[in-house]
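As structure tokens, the structure follows; a few thoughts come after it.
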Amino acid sequence: MIMNLNANEAVKLSVVARYVDMDRKWYLCHAARYQNAFRNEVNGFGTRGEAVRFAEQAGCAVEYHEYDRLQVHIDRNGQKKSTRITSGNDPDAAIDDLSAAMPEDRSQLLDAAMRAVEDLHAAVLALDEISLNSAADRYDAAVLKLNGGTSFGCNDPSNPEAGGTLAENHCRAAPGLVPKWGQRGEFLITVSGIPAVVEVDDGFRRFYACFRFHVVNPHGPFISETGFRSHFEGFEKGKTVEQVAITVFSALLAEEGHRMLTPEYRDRRANEPVRPWLDASKVATMRDMAFEEPGGQFALGF
């Protein structure tokens, strides 16, 4: 479990400094997962230098990730604020250049986005960080071009013509098939005899995914009493989306235990339509099976 530290809890820990534009402050985060490394009362600095000095005094190792734009801070006026001395290291400029060189035709841009996803997935499995960043840049460049050369509103879910929406829909995995890294999709897993639908979506930062776990059998045990649980997880090098989903679900099951749904959510989930790609007859059988209440009483699933 990742813990938030106090200022006097010195530990050899790898951290990064990330800028939060809303607060106009630099925050120290765990290098592996980008969660706050220190408690809020001691975190948040006016400059990156102050944050780095604080981390080093606490015995932490400060890392720098070129691909994370919150470490290469872009201010409100679009001016890059360098976080270390580099040569030609501006991810936004690189994406702009890639986008400008791409074709104008929408179908070609969508194909370019799909190729970038395939290359990104292969790079994750091959532990190839250089190719991973290159593929992500090409995907972002295609989205930028699809959005008319501007990043404004490119991921607006209410606009079907937004560049990000067009690319996501084109690159989405077929329902029921395990998506590649960088794809959206949904598929079925079974862990310790518990089936769950896994919905994979954008993780709201580069190289992160959101895993949404949905109950299949509302009358059996699950990892939450509502029949739903979401979790953000970084791309794990050398592993597939399915492998990471199973690992996350197993960890949540070990942490939370086997939870029975509350009567309210059991009835609600039982009445939800079955996803077309699932075997409806098997799901119906599970939804009609008997279950045991925590107090030892048996009931029927209808």
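Scanning the range 134-193 for residues being among the hydroxyl-bearing types (Ser, Thr, Tyr) and either in a loop (DSSP other than H, G, I, E, B) or not assigned by TED's automatic domain parsing to the domain that holds Leu120 (or both) gives a total of 5.
Condition check ((1) at positive phi; (2) outside the structural domain of Ile194 (by TED's automatic domain parsing); (3) modelled with pLDDT of 90 or more) across all residues:
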{"position": "Ser224", "(1), (2), (3)": "no, no, yes"}
{"position": "Phe232", "(1), (2), (3)": "no, no, yes"}
{"position": "Leu252", "(1), (2), (3)": "no, no, yes"}
{"position": "Asp267", "(1), (2), (3)": "no, no, yes"}
{"position": "Asp279", "(1), (2), (3)": "no, no, no"}
{"position": "Ala284", "(1), (2), (3)": "no, no, no"}
{"position": "Gly296", "(1), (2), (3)": "yes, yes, no"}
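I'm checking my understanding of the structure. Among residues of the range 209-236 that are among the hydroxyl-bearing types (Ser, Thr, Tyr) and outside any strand (DSSP E or B), which one is farthest from Glu129 (Cα to Cα)?
In the first step, residues of the range 209-236 are kept if they are among the hydroxyl-bearing types (Ser, Thr, Tyr); the result is 224, 226, 230.
Checking which are outside any strand (DSSP E or B) leaves us with 224, 226.
Numbers: Ser224: 35, Thr226: 38 Å.
Here the answer is Thr226.
Pairs meeting the criteria (first residue in the range 128-145 and under 10 Å from Ala116 (Cβ atoms), second residue among the aliphatic types (A, V, I, L, M) and not in a helix (DSSP H, G or I), beta carbons under 9 Å, at least 6 apart or on different chains) are Arg138/Met102; Ala141/Ala101; Ala141/Met102; Ala142/Met102; Val143/Ala162.
For the range 98-122, give me each residue that is modelled with pLDDT under 95 and in a helix (DSSP H, G or I). Result: Leu98, Ser99, Ala100.
The values are calculated or read from the model by the stated rules, or taken from the named source; none is laboratory data. Predicted, not measured: the structure shown is a model, and the values here were computed from it. Positions of Cβ are backbone-derived with ideal geometry, glycine not excepted, and every protein chain shown enters the neighbour counts.
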